[in-house]
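Participant: I am attaching a structure below and will ask some questions about it afterwards.
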Amino acid sequence: MLIDASETGNLMTRRDMLARAGCGFGSLALAGLMSGQDLAASPSARADKLPLVPKSPHFASRAKSVIFLFMYGGPSHVDLFDYKPDLAKHAGKKVGEVVDTKGARSSGGLFPSPYKFARHGQSGHWVSDRYPHLSSVIDHTAMLRGVYGHSISHAPALFELNTGMIRTGFPSLGSWVTYGLGTDNQDLPGFVVMYDYRGGPIGGAPNWGSGFLPGAFQGTPVRSRGTPILNLNRPEKLESPQQRELLDYASALNRRHMASRPADNALEARIESFELAYRMQSAAPEALDISRENDATRKLYGIERGNPGEYFGSQCLMARRLVERGVRFVQLYSGGGHGDNNWDAHGNITGNHNKHCAATDQPMAGLLQDLEQRGLLDETLVVWGGEFGRTPHKQGGSGRDHHPFGFTMWMAGGGIKGGTSYGETDEIGYHAAVDRTSVHDVHATILHLMGMDHERLTYHFSGRDFRLTDVAGEVINSIIA
Amino acid sequence: MVKLLIISGLVLMPLLTAMPDDPVSWAFHPLEVEEVPPAKGKQWARNEIDHFILERASEKGVFPNDSADRQTLIRRAYFDLTGLAPSREEVVNFVESKSPGAYGEMIARLLSSSHYGERWGRHWLDVARFGESHGYESDNERPTAWTYRDAVIRALNEDMPFDRFVRWQVAGDVLQGDDPLATALTGFITSGSTVTNVDGVDRERATYDKMDDIVSATGAAFLGLTIGCARCHDHKYDPISQEDYYRLVGFFLPGKAGDRNLAIGDSGNNVKALTWRGGNKRSNPVLKRGDVEQKGGDVGYGVLSALDPGGTDMKRRIEAIGKESSDGRTGLAQWLTDVDSGAGGLLARVIVNRLWQHHFGTGLVKTSNNFGGVGDAPTHPGLLEWLAGKLVSGGWRLKPMHELIMNSAVYRQSTSWDKKRHVANPGNDLLWRRQPLRLEAEILRDSIMNTAGTLNRKLYGPSVKPWVSSDAIKTGSTNKWPTNVKDGPGTWRRSIYVFMRRSMRVPFFETFDVPDGMQSRGVREQTTVATQALLLLNNKFVRDQAGHFAARVVAAAKNAGSPDGGKSLPAIVEEAYWLAFSRGPSKEELDLGVGLLAKEGQNVENFCHILFTLNEFVYVD
């Protein structure tokens, strides 16, 4: 029997559509929505049977896994990668004197970056002095300096970068990727999320949720402090074969229970979660144990105790170990909780960014180098970005406000042509001006590198075929090797 | 809004016909109680609620199920109202009762149980962003904050009218200073997180962060509005101006959190209670763009203009309630509950929607903390209005509303599923079937102990800190949880009494989606991940409880006259099923259970343990 999506009530309402339309998303496939037909979509049926077994991509993939480095709170593009010398010329002027500022929320004077910029590597990518380590490996990266989003608030902007939609309830990028490709290691989750030790990002689990996709595709968060995954050891006096028997018994009863409730797909996801849990008991302790790495590697990531990168570096190293073992998608969050515990530098850009840059610089550079040394960089796509950038003008004492109209992301490894760039903002870094890049474009490109056509990766739900990229998205070919 | 109607040339009009005329502000309109529609399908309907359900069902031709059987109904009702399963005896008595009034009597009995306040109090604590520590880096504990939690449970148990419950949460200390419960309820204001260890201008920012916490929680909890959005600029989607926001700040800016000695315990002795201490009215500037360094004009205190149609003077509101407070909070209390010329209509809608949400799994307005422009429209607008009107006309008492809802046919229906109706209405917003509901983290933990026979049903009192794996505690330089706890009756309390430390949530709760108490939460996330399965399979607490469950089952089998002194396998399976699922096993289930127990290396503890993990244990039909 083909079940048309979940019963859990995450249906897109008319109001959702309006909200989305009002925020500039493209048209919807209304014909399907209004006809109410139950179209037999074969990927959906396949997903319900064996959700996480490896599946063939649409075409030869360039990358096998993704590591998404999410800078929560909004890293300032004009202080990190998008060098705007003209800001000095306009310092103190109102933004509106230089560019059209519709949508702006705060209006302090234009504020040149307090950081020094220089060109690095053969590519000559501009990078500020906050990233000395990353600068040394910057030729791996393709810079996207003309990305734009649709919300000035954290939660919707997070949802957009993670799911393509500013509303909650849609499947995340990691869910789409594991839905499309399964995962190569059946003993570990296909999609792992590690958030910051100071707390998760606002909006929480929907950022890695599976929306209307089957629950097996949601991200599995590992604990952000101390032991990453608790409860990996069986109770005393319960041996593995006996536990296996118990699980078989449970599975038999659960399937009987589910037979009369076929549309409650969380029930199925629960059965899957116990099977995965059983297998994780042997695989996860080893996979997440970074103490098995030698000193040179640990040093590369800068995780010696007391280093600013101690924490994020450990997570980057865990991420490498996970993708090495066939995990499909890993998302790391830098920054958590509230205020200056994340990149949300409203009051003081240097106070905030000095701290977060130091915490991420060596870990990110170490990750790229380590992946390269192990021959993994070619098959691992590393993505860097936050939910938005920050205003080129001042807020508070010496801070910057949220800024979705033009900001920077970068990608490296997995099929990326290092040293390239695509997109530009205007002279002060306000609007994405040249080769404007939507989040759908970014997602389309990521799926493409993973061997999937974003227009063909669909899931039938509530009478229509949904996509990660809705009805938009263009692959950015010029950054692909 | 007009331009929204056209998307890429496709006109959306056909989809809009079911929306209220003015989608942005329906929630801001005064209560307009509709007439109950005539019943279409009289035999099914049990009360007025069902008429509204049938009205929409017949528009679409998707009709709801008949009643579930009694065995299902009693388990549903017990979990719903108390969070604890019925005993075997209670199930048997109810199922065998020939009385047509047995169901209604059961509901009434459950509503008078003290466990009702524990169950529904927990729902309210999510909304009240309750926590027992400051949050943020140092996350200092608040050892006296539990008194608010107790006050909430007590208020619900005594069926305090909801309007009074609300008034006391914002101004109980002034309104009824001689009633300790009234003052303890002001713990609502203090419940949220607090930035500590800051100096200079950051101290002032921290003050305004605190104000934002209070104003945002007040808006979300009582009115389902995202007032916090107006901190830096006028609200984008709702008629809430930045000035409105700062007028609300004005009620709280003069006050601060402080302990008082209150006689709220059973003993009648005074205990230290964390409450709100108001202050004298002070200058209250609008902060341009939310910036403490850009102070604008003084706006005093006041309420949301859009819910103050007559522009009532705050002085008149304070007079109307008859208790003066310099910081104006009594006026705020009056406005929140004023149905005729204040926010009372919206307040009533928001709370009946919360009741509906917890009875059915989803609210009539799905976004129960957002009734504004980007929230969802109600699926049954007429029903929402009617229920709100019923609450108000019934003196704001919640227990009769529970009774009304639970006696409806739509509540009592079965979970039966069929493809035809599923295709017609996959999201079930027409309520054509009962959605099985997953137990929340707290109720799952309570159920494990209740099944094992270890649950300590003691009510009220200071919070407890149960055993937590040292792996989970040792995360930084200082331990935020004791490392030497040995579980026993003292910690086998209901989960609502477990200490809620923001930076160190008990892993059982953290893993099963308990919110972190950093902001008001109307709807919990419901994730299904392998780390939850690992917890149920391997966690020491769960395993220990399985041991107690096994001992209880063996003893019960023995008492039931099982041969071999309680070692008869069918008797063990039978007893375990009754304790875990409120029913006996079918023949096939009996065989499966006996088959497992008979395997070499298996034992009763293992068998009991695995029952805790089953979907039937975690989902209630």
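Participant: Starting from the stretch A:107-123, keep only residues that are at negative phi, then list their pairs with residues that are β-branched (Val, Ile, Thr) and surrounded by 17 or more Cβ atoms within 10 Å (Cβ to Cβ) whose Cβ atoms are within a distance under 6 Å, requiring at least 6 positions of separation or different chains.
Facilitator: Pairs found: A:SER113/A:VAL78; A:HIS120/A:VAL127; A:HIS120/A:ILE138.
Participant: Also, quick follow-up: Out of curiosity, is B:PHE549 within 11 Å of another protein chain (Cβ to nearest Cβ) and either part of a helix (DSSP H, G or I) or of a type in the set (D, E, K, R) (or both)?
Facilitator: In short, no.
Participant: Mind telling me which of the residues B:ASP446, B:ASP513, B:ASP471 ends up being under 18 Å from the mean Cα position of the chain (by Cα), assigned to a helix (DSSP H, G or I) and of a type outside the set (S, T, N, Q)?
Facilitator: Of B:ASP446, B:ASP513, B:ASP471, the one residue that is under 18 Å from the mean Cα position of the chain (by Cα), assigned to a helix (DSSP H, G or I) and of a type outside the set (S, T, N, Q) is B:ASP446.
Participant: Which condition number in (1) more than 14 Å from chain B (Cβ to nearest Cβ); (2) more than 23 Å from A:LEU377 (Cβ to Cβ); (3) buried (at least 22 other Cβ atoms within 10 Å of the Cβ) is the one that A:VAL66 fails?
Facilitator: Exception for A:VAL66: condition (2).
Participant: Right, another one. I'm told B:ARG231 meets every condition in (1) buried (at least 21 other Cβ atoms within 10 Å of the Cβ); (2) within 14 Å of chain A (Cβ to nearest Cβ); (3) touching a residue at least 40 places away in the same chain (Cβ under 8 Å) except one. Can you identify the failing condition by its number?
Facilitator: Failing condition for B:ARG231: (1).
Conditions tested, residue by residue: (1) within 14 Å of chain A (Cβ to nearest Cβ); (2) farther than 23 Å from A:GLU268 by Cα; (3) in contact with a helix residue (DSSP H, G or I) (Cβ under 8 Å, 6 or more places away or on another chain).
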| position | (1), (2), (3) |
| --- | --- |
| B:ASN538 | yes, no, yes |
| B:GLN545 | yes, yes, yes |
| B:GLU574 | no, yes, yes |
| B:GLY584 | no, yes, yes |
| B:GLY601 | yes, yes, yes |
| B:VAL604 | yes, yes, yes |
| B:THR613 | yes, no, yes |
| B:GLU616 | yes, no, yes |
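Participant: Quick one: which residue in A:GLU272, A:GLU236 is crowded, with 17+ Cβ neighbours inside 10 Å, within 11 Å of chain B (Cβ to nearest Cβ) and acidic (Asp, Glu)?
Facilitator: Checking each option against the conditions leaves just A:GLU272.
Participant: Check A:LEU276, A:LEU213, A:LEU232 and return the single one that is in contact (Cβ under 8 Å) with a residue 60 or more places away in the chain and part of a loop (DSSP other than H, G, I, E, B).
Facilitator: One residue alone meets the criteria, A:LEU213.
Yes/no per residue for (1) more than 14 Å from chain A (Cβ to nearest Cβ); (2) surrounded by fewer than 20 Cβ atoms within 10 Å (Cβ to Cβ); (3) touching an Asp or Glu at 6+ places or on another chain (Cβ under 7 Å); (4) charged (D, E, K, R):
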| residue | (1), (2), (3), (4) |
| --- | --- |
| B:ASP418 | no, yes, no, yes |
| B:ARG438 | no, no, no, yes |
| B:SER447 | yes, no, no, no |
| B:VAL464 | yes, yes, no, no |
| B:ASP471 | no, yes, no, yes |
| B:LYS474 | no, yes, no, yes |
| B:ASN484 | yes, yes, no, no |
| B:PRO489 | yes, yes, no, no |
| B:SER495 | yes, no, yes, no |
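Participant: A follow-up question, please. Can you tell me which residue within the stretch A:283-299, out of those that are within 22 Å of A:VAL222 (Cβ to Cβ) and of a type in the set (A, V, I, L, M), is surrounded by the most Cβ atoms within 10 Å (Cβ to Cβ)?
Facilitator: Here the residue is A:ALA284.
Residue-wise test of (1) in a loop (DSSP other than H, G, I, E, B); (2) buried (at least 24 other Cβ atoms within 10 Å of the Cβ).
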| position | (1), (2) |
| --- | --- |
| A:MET258 | no, no |
| A:ARG261 | yes, no |
| A:GLY313 | no, yes |
| A:LEU322 | no, yes |
| A:GLN331 | no, yes |
| A:ASP344 | yes, yes |
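Participant: A follow-up question, please. Does A:ILE349 satisfy being farther than 30 Å from A:HIS90 by Cβ, touching a residue at least 12 places away in the same chain (Cβ under 8 Å), in contact with a strand residue (DSSP E or B) (Cβ under 6 Å, 6 or more places away or on another chain) and buried (at least 24 other Cβ atoms within 10 Å of the Cβ)?
Facilitator: Spelling it out, it is not the case that A:ILE349 is farther than 30 Å from A:HIS90 by Cβ, touching a residue at least 12 places away in the same chain (Cβ under 8 Å), in contact with a strand residue (DSSP E or B) (Cβ under 6 Å, 6 or more places away or on another chain) and buried (at least 24 other Cβ atoms within 10 Å of the Cβ).
Participant: Let me ask something else about it. Of the residues that sit in the stretch A:244-269 and are under 18 Å from B:GLN602 (Cβ atoms) and free of Cβ contacts under 8 Å to residues at least 12 places away in the same chain, which one is farthest from the other protein chains (Cβ to nearest Cβ)?
Facilitator: Going through the qualifying residues, I end up with A:ASP248.
Participant: Go through (1) closer than 29 Å to B:LEU110 by Cα; (2) in a loop (DSSP other than H, G, I, E, B) one by one and return the number of the condition B:SER193 breaks.
Facilitator: Only one criterion is unmet by B:SER193, namely (1).
Participant: Do any strands (runs of 3 or more DSSP E) lying entirely in the stretch A:420-467 carry at least 2 residues that are at pLDDT below 95 and within 14 Å of another protein chain (Cβ to nearest Cβ), and which ones are they?
Facilitator: The strands (runs of 3 or more DSSP E) meeting that bar are A:458-461, A:464-467.
Participant: Another one. With the requirement that a residue be in a helix (DSSP H, G or I) and surrounded by 24 or more Cβ atoms within 10 Å (Cβ to Cβ), what does the stretch A:369-395 give you?
Facilitator: A:LEU371 - this is the single residue of the stretch A:369-395 that is in a helix (DSSP H, G or I) and surrounded by 24 or more Cβ atoms within 10 Å (Cβ to Cβ).
Participant: I need the full set of residues from the stretch A:396-425 which are surrounded by fewer than 24 Cβ atoms within 10 Å (Cβ to Cβ) and touching a Pro at 6+ places or on another chain (Cβ under 9 Å), in order please.
Facilitator: A:SER398
Participant: Let me ask something else about it. Filter the stretch B:67-106 down to the residues that are in a loop (DSSP other than H, G, I, E, B) and touching a Phe, Trp or Tyr at 6+ places or on another chain (Cβ under 7 Å), then identify the one that is surrounded by the fewest Cβ atoms within 10 Å (Cβ to Cβ).
Facilitator: That would be B:PRO86.
Participant: Additional query: Among the candidates B:ASP259, B:ASP213, which residue alone is in contact with a strand residue (DSSP E or B) (Cβ under 8 Å, 6 or more places away or on another chain), under 29 Å from B:TYR136 (Cα atoms) and either touching a residue at least 24 places away in the same chain (Cβ under 8 Å) or not assigned by TED's automatic domain parsing to the domain that holds B:ARG154 (or both)?
Facilitator: Of the residues listed, the single one that is in contact with a strand residue (DSSP E or B) (Cβ under 8 Å, 6 or more places away or on another chain), under 29 Å from B:TYR136 (Cα atoms) and either touching a residue at least 24 places away in the same chain (Cβ under 8 Å) or not assigned by TED's automatic domain parsing to the domain that holds B:ARG154 (or both) is B:ASP259.
Participant: Among B:ARG501, B:ARG505, which is free of Cβ contacts under 8 Å to residues at least 12 places away in the same chain, crowded, with 19+ Cβ neighbours inside 10 Å and either assigned to a loop (DSSP other than H, G, I, E, B) or more than 14 Å from every other protein chain (Cβ to nearest Cβ) (or both)?
Facilitator: B:ARG505
Participant: If I ask for residues that are within 10 Å of chain B (Cβ to nearest Cβ) and at pLDDT 85 or above, which ones from the stretch A:211-227 would you list?
Facilitator: Result: A:PHE212, A:GLN218, A:GLY219, A:THR220, A:PRO221, A:VAL222.
Participant: So, one more: Anything in the stretch A:184-210 that is closer than 28 Å to A:ASP465 by Cβ, away from every other protein chain (no Cβ under 12 Å) and buried (at least 24 other Cβ atoms within 10 Å of the Cβ)? List them, or say none.
Facilitator: none
Participant: One residue is enough: does the stretch B:56-66 have a residue meeting the conditions part of a loop (DSSP other than H, G, I, E, B), more than 24 Å from the chain's Cα centre (by Cα) and acidic (Asp, Glu)?
Facilitator: Checked the stretch B:56-66: at least one residue is part of a loop (DSSP other than H, G, I, E, B), more than 24 Å from the chain's Cα centre (by Cα) and acidic (Asp, Glu).
Participant: Please go through (1) in contact with a strand residue (DSSP E or B) (Cβ under 9 Å, 6 or more places away or on another chain); (2) of a type in the set (Ser, Thr, Tyr); (3) modelled with pLDDT under 95 for B:THR144 and return the number of the only condition it doesn't satisfy.
Facilitator: Tallying (1) in contact with a strand residue (DSSP E or B) (Cβ under 9 Å, 6 or more places away or on another chain); (2) of a type in the set (Ser, Thr, Tyr); (3) modelled with pLDDT under 95, B:THR144 fails exactly one: (3).
Participant: Still on this structure: For the stretch B:392-443: of the residues being assigned to a loop (DSSP other than H, G, I, E, B) and of a type in the set (D, E, K, R), which is nearest to the chain's Cα centre (by Cα)?
Facilitator: The selected residue is B:GLU440.
The values are calculated or read from the model by the stated rules, or taken from the named source; none is laboratory data. No experiment lies behind these values; they were computed from the predicted model shown. A quick note on method: Cβ atoms are made from the backbone with ideal geometry, for glycine too, and the neighbour counts reach across all protein chains shown.
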